[in-house]
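Engineer: Right, I'll just put the structure down here and ask away after.
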Amino acid sequence: TKSSAAIGAKSVAAEVAEVMRAVGVPDASWRNGTRATRSPITGEVIAHVAEASGDDVAGAVARSVAAFEAWRTVPAPRRGELVRLIGEELRAHKAELGHLVTLEAGKIVSEGLGEVQEMIDICDFAVGLSRQLYGLTIASERPGHRMMESWHPVGPVGIITAFNFPVAVWSWNAALALVCGNSVLWKPSEKTPLTALAVQALFERAVHAFGGAPEGLSQLLVGGADVGAALVDDSRVPVVSATGSTRMGRIVSERVARRFGRSILELGGNNAAIVCPSADLDLALRGIAFAAMGTAGQRCTSLRRLIVQEGVSDGFVPRLAKAYGSVSIGDPREAGTLIGPLVDAAAYEGMQKALEAARAAGATIHGGERVLADVWPDAYYVRPALVEIDEQVEIVTHETFAPILYVLRSAGLPESIKLQNGVPQGLSSSIFTNDLREAEAFLSAEGSDCGIANVNIGPSGAEIGGAFGGEKETGGGRESGSDAWKAYMRRATNTINFSRQLPLAQGVSFDV
Ligand code: NAD
């Protein structure tokens, strides 16, 4: 473990102030508000943000509708130009914004920067998309007729995001929604409002450089679940994209469905990796270590269950336990730290409760204890836990948002796949094997039931080019690449008669 002695005098709060100034966030939005924000690095208060009220949400939605009505008439490639400029601002301020992610969410330096890189990448993707947004032409059964499909902007898109990807998730949604001709309303996690304020400031700069974008095209609504709920219940918001816990998603999806809105749900995961006897075990070990311990186990795609097949060397799990025992934990600002803090006390308590349940079920636990409490009594650092357990008992089927990796044994591939699919969540999965048959079986219709299935890499760290999301209690939504853009548009089927006859479909005759 590492202390912050090397960091010296500069407090997290002082570093936050520097970044906020550099990015141009107005003081009034984060210095004198009602909601205190803490940094998970030290537990110190770093800001008091101003919160939106119910009336503020209603007003913001009205502005968003007006912005949408203007923006939908702007040609899509021109809309892409605004997203290109957002990407330029992100490139110019990558270091500051990445640093702020570290300060506010506790991610290590390379992960903070990586999150901003992901934003830049999705902007590039969306710019290309702005010259596509293709529809189909369809063969008509009637002579002198043509059928086609058109994709149109849909309206204001509500975006509710989680603390653990405080900026990237907004960009996956917003970059696509904007090129698709929509306006955007963002309710960030109450745990990470500062990075959202910084992104909003960069967005405003891009709008300024663009010239002529409607006012209120992308608005930020800082606050808690009540602010999110106001957005969820507003029938002027046709699409709500919600990222967070399954508990939240269940509430949001029911409320959006009640008013016939559309939701894109990106909820909890309980991701597994299967290790087969033919696997390259050195590569598997590295892949597993990053996926399970990286981001202190606080990714939706974090590896939470390891399924080790019979025939894998007996030395494999002890090697993994050794990596768990020696991984560097500490101040995420320091070079060399691999594991930063948990987000807050509740995350720590949730982790300890899960470990107690596993212990009661007869598990052998390596690690899991709190560290550095003497240096930062208000921050929660833990040694990642490796938990050897005989069966997939109830606690293993839950997503505990902390670095716990349950290790299960299985007799062969069919049993491994059954275990892998035997949980309510369906986000990400992977297999480590050099056997073509095993890899293909895992990817087949009888294989992994997840939205993401990988071979010889861990379940975390997706690229933006693919559609991202998962099945079952993960919510079924898809964001980011591939054709995920279609969720941000409405589809119109058009039939055009260029003949002088009026043949009816299905041969119906109706002569008046
Ligand atoms: P959370 O569910 O506590 O909060 C997420 C967001 O939902 C916050 O902005 C919160 O204010 C809002 N919210 C909560 N209740 C609401 C309600 N009733 N109505 C409207 N909004 C409401 O989640 P968290 O602790 O911030 O994030 C961790 C969770 O997010 C984990 O379960 C993780 O797996 C999941 N996650 C999923 C993905 C994905 O893409 N599948 C990505 C990141 C995180």
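The values are calculated or read from the model by the stated rules, or taken from the named source; none is laboratory data. For clarity, every value in this text was computed on a predicted model and none was experimentally measured. Cβ coordinates were reconstructed from backbone atoms using ideal geometry, including for glycine residues, and neighbour counts include every protein chain displayed.
Engineer: Could you please let me know if Glu204 is surrounded by fewer than 21 Cβ atoms within 10 Å (Cβ to Cβ) and assigned to a helix (DSSP H, G or I)? Steps first, answer last, please.
Structural biologist: Values: surrounded by fewer than 21 Cβ atoms within 10 Å (Cβ to Cβ): yes; assigned to a helix (DSSP H, G or I): yes.
Judged against the criteria, Glu204 is a match.
Engineer: Every residue in the range 188-223 that is more than 21 Å from Gly80 (Cα to Cα), small (Gly, Ala, Ser) and touching a strand residue (DSSP E or B) at 6+ places or on another chain (Cβ under 8 Å), please.
Structural biologist: Ala196, Gly223
Engineer: Within the range 455-468, how many residues are surrounded by fewer than 23 Cβ atoms within 10 Å (Cβ to Cβ) and either in a strand (DSSP E or B) or of a type in the set (Ser, Thr, Tyr) (or both)?
Structural biologist: 2
Engineer: Sort out which residues of the range 295-311 are more than 16 Å from the chain's Cα centre (by Cα) and not charged (D, E, K, R), and write them in order of number.
Structural biologist: Kept after step one, since they are more than 16 Å from the chain's Cα centre (by Cα), are these residues of the range 295-311: 304-311.
Leu306, Ile307, Val308, Gln309, Gly311, listed by residue number.
Every residue, every condition in (1) modelled with pLDDT under 95; (2) in contact with a strand residue (DSSP E or B) (Cβ under 8 Å, 6 or more places away or on another chain); (3) farther than 30 Å from Val154 by Cα; (4) part of a helix (DSSP H, G or I), yes or no:
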site	(1), (2), (3), (4)
Lys10	yes, no, yes, no
Ala13	no, yes, yes, yes
Glu18	no, no, yes, yes
Gly33	no, yes, yes, no
His48	no, yes, yes, no
Ser64	no, yes, no, yes
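Engineer: Only one of (1) surrounded by fewer than 24 Cβ atoms within 10 Å (Cβ to Cβ); (2) assigned to a strand (DSSP E or B); (3) within 12 Å of the ligand (Cβ to nearest atom); (4) of a type in the set (Phe, Trp, Tyr) fails for Phe163. Which number is that?
Structural biologist: (2)
Engineer: Moving on. Restricting the search to the range 224-267, which residues are crowded, with 24+ Cβ neighbours inside 10 Å and part of a loop (DSSP other than H, G, I, E, B)?
Structural biologist: Val237, Leu267
Engineer: Look at the range 138-151 and say how many of its residues are surrounded by 14 or more Cβ atoms within 10 Å (Cβ to Cβ) and of a type outside the set (Phe, Trp, Tyr).
Structural biologist: If we filter the range 138-151 for residues that are surrounded by 14 or more Cβ atoms within 10 Å (Cβ to Cβ), which is where we start, we get 140, 142, 145-148, 151.
With of a type outside the set (Phe, Trp, Tyr) added as a condition, the list becomes 140, 142, 145-148.
The qualifying residues number 6.
Engineer: Out of the residues in the range 182-195 that are within 10 Å of the ligand (Cβ to nearest atom) and touching a Leu at 6+ places or on another chain (Cβ under 8 Å), which is farthest from Gly33 (Cα to Cα)?
Structural biologist: Trp186
Engineer: Specify the residue that is surrounded by the most Cβ atoms within 10 Å (Cβ to Cβ); the eligible residues are those in the range 469-508 that are within 16 Å of the ligand (Cβ to nearest atom) and among the basic types (Lys, Arg).
Structural biologist: Looking at the filtered set, the residue picked out is Arg478.
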